[in-house]
Structure formats: structure tokens, C-alpha cells
Amino acid sequence: MKWHGRCPACGEWNTLAEEVRRESAPAGRARRARGSAALKPIPLSEVQTPASSRLSTGIGELDRVLGGGLVPGSLVLLAGEPGIGKSTIIAAALGNLAAAGRKVLYVSGEESAAQVRLRAARLGEDALAVPTIAETDLDAVLATIDAERPDVCVIDSVQTLNAGELSSVPGSVGQVRQVASRVMDLAKRRDIAVVLVGHVTKEGTIAGPRVLEHTVDCVLQFEGERERTYRTLRAIKNRFGSTNEVGVFEMAERGLVEVEDASSRFVSEATRAPGSIVVCAMEGSRPLLVEVQALVARTEAAPPRRIANGIDRNRLSLLLAVLSRHARLQLGSCDVFVSVVGGVRIEEPGADLGVALAIASAAKGVPARAGGTPLAAFGEVGLTGEIRTVSHADRRLAEAAKFGLADPLHPGTVGTVGEALARAFGPAVAGVVEDFGTAA
Ligand code: TYD
Ligand code: MG
């Protein structure tokens, strides 16, 4: 036995995780001594599947992301930054489930029952009816779940529960793993759908949820800026559905509200000022029109700032390089800010063209031309300046047409970034060599 504060393998501090050593059961030992009997493999088509009916949470967007509702006996991890609305959405879901006649249980390790009640009071009658315990001791929680046998149980959060058999603090890697594995044991045995709430910090440095990703059946990520209204819920792993679905929510006075017509909101708010472009993006299998804004400003800072909100920063660097090389737009001495309006994140390459046009528009100080409506665009920008096709072009175009955006620029209409700029700003403006580096 020796004390360790630092991992002897990687040299990092405080990364060691404690694990209990389970004595292998005597039966298992005996069997091993005898040598295991060979099993008979059977074709998958003959495997019996339980006719499990999904439990609807009563929140359409949440059900959709789950792949049609909660699967009985499944383990779902709901991850997100503190304050994003995890407790709010889950409290509302439990209220709906209870109202639909399901047995539910809310385990709060973070807040007292009184605090949970205050939140529920904002959400309405149904949420107030949810049976709740405020407890952090894992054994007590498991005993309660076993005694109550709910259909759906929520543990808020997995980082606050304490497995007494480990001496490490709650929230450490070992604890979180132990809590999850013991909860899962019980959930599978009793066919209880369990939602584990987990906190993720911005940097993703979590002694928590990440280590659970392979254990649980489904990982839902709740994203968005806390200060902004819109939040997105997406599945990053789902054993019972697709990971393409995204739900859009808005935090309101009385809890999270589903935003079903997100496109119309974003489009009606689009400014049409220089630096603004509407991107026909895909959120999973659903088209979404969002406004992308860019700001280009001369700076003394070296290196200049490249700030990306809602798109990948590396993608921004790449687009700046393409603009510089293939559209003669030199922004080497300018700060460039790009932001997707409303706190939405676009992770797909279809946003490239829109972002590039927004930057060009901001740099030139000229709004993009598109009749009387904001200019819409989609398409991936390749390294040679070509505009590449992206998935679901028809759905993106249909969405743009639905909201009256005439003539979006896309891979079917423009071949290169240069062409796109000429179409958006007219050849005279597009052809101007922009070099902020030598301007006074
Ligand atoms: P919360 O669900 O507690 O976040 P998390 O569990 O992810 O940490 O709540 C998030 C924020 O939402 C909180 O700061 C208050 C706000 N809020 C509203 O604006 N309206 C509401 O009806 C509720 C319940 C919360
Ligand atoms: Mg919470």
C-alpha cells in the first residue's frame, strides 16, 4: 500500500480513480474450476425482443430526440452546463408522465425538496404532483427506488450521489462510475427508465458524464448560452433511435417552451445589415434557418482575434484562409467575430458558404443583395475555393422557400466562393481587392 496523489503513468495530479474490488462470487469461481460449458449461438432473427412501448414525456421535442419517448429499463444521461435548464425540463417531463398515470420518482441530490418545489410551482400543477426525495446517499436512494418501483426515475445529479463504499468525494470519476453502475444494475433488474442528470463544464473537463458515455443507453446534450433564450437538445448517443434529431427550446417564465417554428423566428429577426446572412442549416433531419452575423474590425493586436460563437473556430480559420486565397480578401490585421444568432450551434459544413459571405459582407461594409429579403445560403466551402454539395439540399431549399427567401445561393447555383461573392455583392464590389493590412 502506498499513497499516490499523482498518476505514476501520465504524471497528472488528482486523476486517480478509486474502484472497489469485487470478490468474484463463489459460484463463478466454481464454474471456472469446472471449465465453462460451450454456449449455443442463435441467429439474431430468433432472439426474442420485448415489445417495449415507449413512455411519452409529453414534451414533443424531448420525445423526438429520444427517438419516440423513454424506453423502459433504459439509462439516459442528460448532460449540460449548470443553469442550462436540465432540472427544469426533467421536472416538467416527470410531471407529464405522472399526469399520464405513470409512476415516477425524482431524486434530488443537489437541491432541497423545498427548492425543487419552488421550481415545480413555476411549471404547474402536474410538476407539483411528482414524488420527490432529497438525498445524496446512494444506498438510501437505491433502497427507495427498489421500494417504490417507479416506471421512470430521475437522479439529479449523478455527481452529487455518494457511494459509501468508496472513500473518494462525490463527483470524482470513481464515484460517478460506481453510482451509475449500481443504478444501472437496479434499473435493468426492475425495468425502470432512469435519467441521470450530469453537469458538464464549458471546457468539457468533467470528472463525470464523459466517463459514463459508454455505460448508458442514451446521452442527451443540452446546449446553448445561459444568457440567451434558445437552447438545443441533441442526442450524441442513442441505442434506441437516431442521433440526428435536435430539439429547440426557449427558456420562459414558466419553464422551457418548445420552439417548433424556430426558422420563422430567426428569419424575422434577421437584420439584413452588412455582415448578416441567413444560413439554411440542418439540425438533424430538420431544416433550420438561422442568421449568421460577422464583424470585421481593424486591430493592432497580433495575432488578431478570431472569435466564433456557434460555429467551430477551426472552421472559421479555414474560411478566412479560403477568402484570402480565392477571393482576395486579406483580413490579416483585422479582428473577425462570427456569431450564430440566438445561441444556436451549427456543427455541419453546410454553414460554410453563409459564414464566408457574412465575413465578406462585413469586411466590405455592404449588405448582401437578395431582392427585398435577407440573403440565404448553404454549401460547404472546399480548400480550393469550390462550393461543395451538402446533404438534404431539397429540404433546405424548401425551408427557404417556405419563409419567402428568394434565390438562396447554394452548390446548385454557384461553383466557387468568388462566384458566390459576385452574386451576393455584384461584380463591382466583389472584385475589389480587400487588403486591410495596408489600409491606413
Ligand atoms: P435549472 O433547470 O435549475 O438548470 P440546471 O438544472 O441545468 O442547472 O434552471 C436554469 C435556469 O432557468 C435558472 O437559472 C432559472 C431559469 N428558469 C426560468 O427562467 N424559468 C423557469 O420557469 C424556470 C423553472 C427556470
Ligand atoms: Mg439542476
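The values are calculated or read from the model by the stated rules, or taken from the named source; none is laboratory data. Model, not experiment: these values are computed from the prediction. Glycine also receives a Cβ, built like all others from the backbone with ideal geometry; neighbour counts cover every protein chain displayed.
Applying the condition of being of a type in the set (S, T, N, Q) and within 16 Å of ligand 1 (Cβ to nearest atom) to the range 147-163 and asking which residue is surrounded by the most Cβ atoms within 10 Å (Cβ to Cβ) yields SER157. Pairing each residue of the range 146-171 that is under 27 Å from LEU16 (Cβ atoms) and away from ligand 2 (no atom under 16 Å from the Cβ) with any residue that is in a loop (DSSP other than H, G, I, E, B) and of a type in the set (Asp, Glu), provided the two are 6+ apart or on different chains, yields C-beta distances under 9 Å for LEU166/GLU18; LEU166/GLU19; SER167/GLU18; SER168/GLU18. Tell me, which residue of the range 379-398 that is within 22 Å of ARG306 (Cα to Cα) and assigned to a loop (DSSP other than H, G, I, E, B) is nearest to the chain's Cα centre (by Cα)? Here the residue is GLY379. The residue pairs whose first member lies in the range 73-95 and is within 19 Å of THR132 (Cα to Cα), whose second member is within 10 Å of ligand 2 (Cβ to nearest atom) and of a type in the set (Asp, Glu), and whose beta carbons are closer than 8 Å, counting only pairs six or more residues apart or on different chains, are LYS86/ASP156; SER87/GLU110; SER87/GLU111; SER87/ASP156; ILE90/ASP156. Does ALA401 satisfy the condition of being surrounded by fewer than 18 Cβ atoms within 10 Å (Cβ to Cβ), assigned by TED's automatic domain parsing to the domain that holds PHE337, part of a loop (DSSP other than H, G, I, E, B) and aliphatic (A, V, I, L, M)? The answer is no for ALA401.
Within the range 391-411, the set of residues being under 12 Å from VAL278 (Cβ atoms) and among the hydrophobic types (A, V, I, L, M, F, W, C) comprises ALA400, PHE403, LEU405, ALA406, LEU409.
Identify all residues within the range 389-398 that are surrounded by 16 or more Cβ atoms within 10 Å (Cβ to Cβ) and free of Cβ contacts under 8 Å to residues at least 40 places away in the same chain; write none if there are none.
Of the residues in the range 389-398, the ones surrounded by 16 or more Cβ atoms within 10 Å (Cβ to Cβ) are 390, 392-393, 396-397.
Hit for the range 389-398 is ALA393, nothing else.
In the range 378-386, is there at least one residue being among the aliphatic types (A, V, I, L, M), in contact (Cβ under 8 Å) with a residue 24 or more places away in the chain and under 21 Å from ILE359 (Cβ atoms)? Steps first, please.
We begin by selecting, within the range 378-386, every residue among the aliphatic types (A, V, I, L, M); these are 381, 383.
Narrowing further to those that are in contact (Cβ under 8 Å) with a residue 24 or more places away in the chain: 381, 383.
Those still in the list that are under 21 Å from ILE359 (Cβ atoms) too: 381, 383.
Checked the range 378-386: at least one residue is among the aliphatic types (A, V, I, L, M), in contact (Cβ under 8 Å) with a residue 24 or more places away in the chain and under 21 Å from ILE359 (Cβ atoms).
Within the range 82-107, track down each residue that is more than 20 Å from GLU253 (Cβ to Cβ), surrounded by fewer than 24 Cβ atoms within 10 Å (Cβ to Cβ) and within 13 Å of ligand 1 (Cβ to nearest atom). Passing the criteria: only PRO82. Within the range 124-145, the set of residues being touching a residue at least 12 places away in the same chain (Cβ under 8 Å), of a type in the set (Gly, Ala, Ser) and either part of a loop (DSSP other than H, G, I, E, B) or away from ligand 1 (no atom under 16 Å from the Cβ) (or both) comprises GLY124, ALA129. Is it the case that some residue within the range 342-360 is more than 23 Å from PRO411 (Cβ to Cβ) and at pLDDT below 90? Yes - at least one qualifying residue is present in the range 342-360. Identify the residue in the range 67-108 that is among the small types (Gly, Ala, Ser) and within 10 Å of ligand 2 (Cβ to nearest atom) and, among all such residues, is nearest to the chain's Cα centre (by Cα). Checking each candidate, the answer is GLY80.
Within the option set SER108, SER157, being modelled with pLDDT under 90, in the same structural domain as THR232 (by TED's automatic domain parsing) and under 30 Å from SER53 (Cβ atoms) holds for one residue only, SER157.
Does VAL366 fit the bill of being in a loop (DSSP other than H, G, I, E, B) and in contact with a Gly (Cβ under 7 Å, 6 or more places away or on another chain)? If you could, list the steps in order and put the result at the bottom.
Values: in a loop (DSSP other than H, G, I, E, B): yes; in contact with a Gly (Cβ under 7 Å, 6 or more places away or on another chain): no.
It is false that VAL366 is in a loop (DSSP other than H, G, I, E, B) and in contact with a Gly (Cβ under 7 Å, 6 or more places away or on another chain).
Tell me which residues, restricted to the range 164-201, are more than 19 Å from GLU213 (Cβ to Cβ) and crowded, with 23+ Cβ neighbours inside 10 Å. Spell out the reasoning first.
Filtering the range 164-201 for residues more than 19 Å from GLU213 (Cβ to Cβ) gives 164-170, 186, 189-192.
ILE192, the sole residue that qualifies.
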